[in-house]
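The values are calculated or read from the model by the stated rules, or taken from the named source; none is laboratory data. Keep in mind the model is a prediction, meaning the values are calculated, not measured. In this analysis, Cβ positions are derived from the backbone assuming ideal geometry, glycine residues included, and neighbour counts consider all displayed protein chains. With ligands, DNA and RNA removed, areas are computed over all heavy atoms of the protein, side chains included. Shrake-Rupley method; radii C 1.70, N 1.55, O 1.52, S 1.80 Å.
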Amino acid sequence: MYPEEYYYSKDHEWIKVENGEGTVGITDFAQKQLGDVVYVETPKKGTQLAFHQSLGVIESVKAVSDVYAPVSGEVVAVNEKLEESPELVNEDPHGKGWIIRIKLKDKSELDKLMSVSDYEKFTQSQEE
Amino acid sequence: MIREPLIFEISGKGKQAFSLPPLDVPQKKNLLSDVPLRRNIEGFPQVSEVEVVRHFTRLSKTNYCVDEGFYPLGSCTMKYNPKINEKVASRPEFGGTHPFSPSPLVQGNLEILKRTEELLAEITGMEAISLQPSAGAHGELLGMMLIRARQEDKGDPRKIVLIPDSAHGTNPSSAHVCGYKVHEIKSNEDGKVDLEDLSQNMNEDVAGLMITNPNTLGIFESDIKKICEIVHSKGGYVYMDGANMNALLGICKPGDMNVDIIHLNLHKTFSTPHGGGGPGSGPLGVTQELEPYLPSPVIQRKGRKLFWDFDRPQSIGKIRSFYGNFLVVIKALAYILILGHDGLKAVSEGAVLNSNFVRKNLEDIYEVKYKTPTLHECVFSDKYQKDRGVSNIDIAKRLLDYSVHSPTVSFPLVVHGALMTEPTETESRRDLDAFIQAMRKIDQEAKENSDLLKQAPHIPYVRRLDETRAARKPVLRWKKESQET
């Protein structure tokens, strides 16, 4: 269920990299844990994010959680649809529910993230 | 059941709840003619007296309160509040005092405030108390402001506040409002602050630590002295969120744990009504080092006289109009004086005993994630029920059908599907048994008929609310057009 070509973080963000730019969202596991998302606070375009810096906040009926930048870089696009339709994060977390697009500063940071098989193992250990 | 209409929907043109006799003196001119007055409010409900009275009486009957039944809303300490406190506080001599009265005329009131400060200082083991904060989070904010003032005075301003993941949710917010960055400290497998994580993150950029003790898992931070040592060694201050003092009264003092600042919630621990927005009171206790920074004025004794001392050059200034919520302070003082030292100790022992009675009778069917002993509250989870598709929300909603208020759900976040349960000391064995029985029955229902839970509650006036829709598409006020839709 988790896309093969994505990288995954321990905080349950995913990043899909194309042409030096990465699209970032939260995983299906994360959206299930959060429950119905009611608000997504996104950063402004042009924001410089450090590795693991909080890029925004997701508010669900249960909790308010930070979303962390899986890599460092500049925010080049923000999913503006989330303002009107935060439910996209629940309905299509790995697609239409993307949060930001980031211009990667240092590609080697991707090595710190997990592959899909490692992430699946990681989520299983989290559920226990 | 028939839905109670909104008062706007009862409205009928020309109806009114008052009748004034005609003006029988000559009116020379309209004294308020050059004051911008609102003559009409569009859409303001027009109703008769009987309609107003019946509308609000019917609504009041749908309410649930501590005077009616068991209220184990974890972290909120919804204990029963003795009516004598209300009686004392509602004396007209208190309510009728003007806050600008010169202090020689209100020595009795000042004595109440000073006496309460002294007793709270004794209970907490702190050097000085400020009664100004309006409620707990206001006390937290004041605490952060004091740390900032002190460190800036020392020429050592700092940026970060450390907060464990088992702290009260208001802590990060208070630090943030005071301009600090918040860094989270992890809990260890015992549900306590991870000392290693704390040591690694404590440095010269860190203003201090905000710690809730006992924490939101109901677990006493037994390493508190070590924790204070780690923070102090790098020049930081320790703020203790004392909202859970109901577990510690007369048993141990935060001052002896070496914390620098603590707030209390008079409206929890010291038994004054709360919920529904107040009024509360969140006194702050501090060490000698921080005392000069307390909000001004402070009450001082001079011989047998009491006076307001405004000559406080290091004070951060006022944080609230006048001197705090005076009537709440009176109720707390009555409570403390009636109980005395032994009585207060019995309060905490009773709170811890009741909580553990509930835990022991339920932990076989509701998971308790951390095995560490707990004090005045404990956090169950829905882990054993989840396989049957039943969540903590369903359990909480079903409890309403058993005429019990639900525990706090989904907090603290370190426990998935949390049901944070705090019975308090005022509950009888009979009420505790009824709660335990209801929880056991609900577990049974989860096995046999989970739909019953998923559609709960069935009995209260309002059925399951759509929380998601309420958050995504909130209707914040009545509008005329919404009548038609």
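Pull up the cross-link candidates among the aspartates and glutamates for A:LYS45, meaning alpha carbon to alpha carbon under 20 Å and not fewer than 8 places away within one chain. Filter leaves A:GLU13, A:GLU18, A:GLU21, A:ASP66, A:GLU74, A:GLU80, A:GLU83, A:GLU84, A:ASP106.
Accessible area per residue was computed with a 1.4 Å probe on protein heavy atoms; B:LEU413 scores about 90 Å². Contact order for the range B:365-428, expressed relative to its length and based on alpha carbon pairs under 8 Å spaced 6+ residues apart, stands at 34 percent.
Nonpolar atom fraction for chain B, defined as the carbon and sulfur part of the 1.4 Å probe accessible area, stands at 54 percent. Using Cβ point charges alone (K and R +1, D and E -1), the dipole size of the protein assembly as shown about the Cα centre works out to roughly 2440 debye.
Overall, the range B:83-337 carries a charge dipole of about 1160 debye about its Cα centre when +1 sits on the Cβ of Lys and Arg and -1 on the Cβ of Asp and Glu, all other atoms neutral. Beyond 50 Å, how much of the Cα-Cα pair distribution for the protein assembly as shown remains, as a whole percent? Of all Cα-Cα pairs in the protein assembly as shown, 18 percent lie more than 50 Å apart.
Pairs over the 30 Å Cα-Cα cut-off, from the set B:LYS28/B:LYS480; A:LYS103/B:LYS383; B:LYS268/B:LYS318; B:LYS192/B:LYS234; A:LYS10/B:LYS192; B:LYS268/B:LYS360: B:LYS28/B:LYS480; A:LYS103/B:LYS383. The largest-to-smallest principal axis extents of the Cα set in the range B:88-195 are 53, 37, 23 Å.
With contacts taken as Cα pairs under 8 Å and at least 6 residues apart, chain B reaches a relative contact order of 18 percent.
Computed with a 1.4 Å probe over protein heavy atoms only, the accessible area of A:SER115 comes to about 50 Å².
Placing +1 on the Cβ of every Lys and Arg and -1 on the Cβ of every Asp and Glu, with nothing else charged, gives the range B:307-390 a dipole about its Cα centre of roughly 200 debye.
Based on the Kirkwood approach, the hydrodynamic radius assigned to the range B:310-349 is 12.8 Å, with every pair of different Cα atoms included.
With a 1.4 Å probe rolled over the protein heavy atoms of all chains, the accessible area of B:CYS76, B:CYS178 falls in the order B:CYS76, B:CYS178, largest first. Taking a Cβ cut-off of under 15 Å around B:LEU453, the surrounding Lys, Arg, Asp and Glu residues balance to a net charge of +2, with basic ones at +1 and acidic ones at -1. When B:HIS176, B:HIS405 are compared by accessible area at a 1.4 angstrom probe, the order from most to least is B:HIS176, B:HIS405.
Think of the range B:83-337 as having a plus end and a minus end, set by charges on the Cβ of Lys, Arg, Asp and Glu; of B:SER103, B:ILE227, B:ASN246, B:SER103 sits farthest toward the positive end of this dipole.
Protection proxy ranking for B:281-293, A:87-99, B:47-59, using the average of other Cβ atoms within 10 Å per residue and placing the highest first: B:281-293, A:87-99, B:47-59.
The range B:148-216 and the range B:366-424 have their alpha-carbon centroids 27 Å apart. Averaged over the residues of B:467-474, the number of partner chain Cβ atoms lying within 10 Å of the residue Cβ comes to 5. If each DSSP helix of 4+ residues adds -39,500 (n - 2.57) and the sum is divided by the residues in chain B, what number results at 222 nm, nearest 500 deg cm²/dmol? Calculated from helices alone, the mean residue ellipticity at 222 nm is -11000 deg cm²/dmol. Its alpha carbons give the range B:83-337 an Rg and a Dmax of 18.1, 57 Å. A probe of 1.4 angstrom, applied to the heavy atoms of all protein chains, finds A:TYR2 with accessible area near 30 square angstrom.
Just the number, please: Stokes-Einstein D of chain B in µm²/s, Kirkwood Rh from C-alpha pairs, 25 °C, 0.890 mPa s. The estimated diffusion coefficient comes to 97 µm²/s. Shown are B:ASP153, B:ASP401, whose ranking by accessible area with a 1.4 Å probe and every protein chain present, most to least, is B:ASP153, B:ASP401. Close amide H contacts of A:MET114 (hydrogens built in the peptide plane, cut-off under 5 Å, sequence separation of 5 or more or a different chain): A:TYR8, A:SER9. For the range A:7-127, the fraction of C-alpha pairs farther apart than 20 angstrom is 36 percent. Scattering from the C-alpha atoms of the range B:1-144 alone, worked out with Debye: what is log10 I(q)/I(0) at q = 0.16, 0.21 1/Å? Per q value, in the given order, log10 I(q)/I(0) is -1.14, -1.33. Ellipsoid fit via the Cα gyration tensor, the range B:341-470: semi-axes of 26, 16, 14 Å, each the root of five times an eigenvalue, largest first.
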